[in-house]
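Participant: Provided herewith is a single structure, encoded as C-alpha cells, for subsequent inquiry.
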Amino acid sequence: MHLRLIGYWRNDQHPEYPDPHDWVDEGWDEDDRHAVSLYFSSGTYLRGCMGLSPCRFCAKDNGSGEFTDGVLVWPEGLTHYLRDHGVRLPEAIERYVLARMARMEDPVISADWWVAGAESGDEPLEPLERLVWGGNTQLVQQPGRRFPGLFVQGDTLSLHVDGPRSGQLLRWYEQMMRAVGWDGLPY
C-alpha cells in the first residue's frame, strides 16, 4: 500500500519539508477550516513514533502518533496547526478532504446486512473506492465524472478484464450503475 505523507514540517533532518509559517492563511473560510481540521482529527491509527513532536509555533506537545485514511498519512498534531495557527494545507488536499466529507453528508444507511448476520457474500466490505484488481482494469471513484464517481481504467471492462474475479467486478459495477439510475451501461 502506498500512502502520501503530509503535515510534516521543515527540521534539521528534513530541510526539504515545508515551513508551516509559510502556509498561514487567516482569511481561510471558517467552515472549511473546521471541516478540514475535523477530518484530520481522526483516522485509522497507523503507528506511534518515539517522543513527542513540538509545535513549530508555540512548542506545545503535539503527540507522537500517525493516522491514515488509506490515501494520506499525517501526524497526530496536524489538527493543532490547522485549528490553532491557521495553517492551510495545499488546495489539492483541501479539495480531496471536502469531497470525501461531502460524499458522507447524506448517506443511505441500512441495517439489512447486519441483521442478516453480516455474512460475506457478493458485496465487498471495504469501500468500492479502494477496489483495484490485478490484470489491466481498475475501478476507482473520481468525483465529478459523468458516471457516479466511477472511472474504469484499462481496457473495456466487459470484454478484456483479466483474472478470476472479473465477473464479480463487472456485476458490482452494473449494480452500482443501476443503483444511481443508469440502466443503459456505457459499454
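The values are calculated or read from the model by the stated rules, or taken from the named source; none is laboratory data. Remember, predicted model here, so these are calculated numbers, not experimental data. Glycine also receives a Cβ, built like all others from the backbone with ideal geometry; neighbour counts cover every protein chain displayed.
Participant: Residues of the stretch 1-21 being surrounded by 13 or more Cβ atoms within 10 Å (Cβ to Cβ) and hydrophobic (A, V, I, L, M, F, W, C), which ones?
Facilitator: Matches in the stretch 1-21: Leu3, Ile6, Trp9.
Participant: I would also like to ask the following. Looking for something assigned by TED's automatic domain parsing to the domain that holds Leu98, more than 25 Å from the chain's Cα centre (by Cα) and modelled with pLDDT under 90 - is there at least one such residue anywhere in the stretch 25-48?
Facilitator: Taking every residue of the stretch 25-48 in turn, none turns out to be assigned by TED's automatic domain parsing to the domain that holds Leu98, more than 25 Å from the chain's Cα centre (by Cα) and modelled with pLDDT under 90.
Participant: What are the residues in the stretch 22-55 that are aliphatic (A, V, I, L, M) and surrounded by 11 or more Cβ atoms within 10 Å (Cβ to Cβ), if any?
Facilitator: So the first thing to find is which residues in the stretch 22-55 are aliphatic (A, V, I, L, M), and the list is 24, 35-36, 38, 46, 50, 52.
Correct list: Val24, Ala35, Val36, Leu38, Leu46, Leu52.
Participant: Something else now. Answer yes or no: is there a residue in the stretch 77-96 that is surrounded by fewer than 18 Cβ atoms within 10 Å (Cβ to Cβ), at pLDDT below 90 and in contact with a helix residue (DSSP H, G or I) (Cβ under 7 Å, 6 or more places away or on another chain).
Facilitator: no
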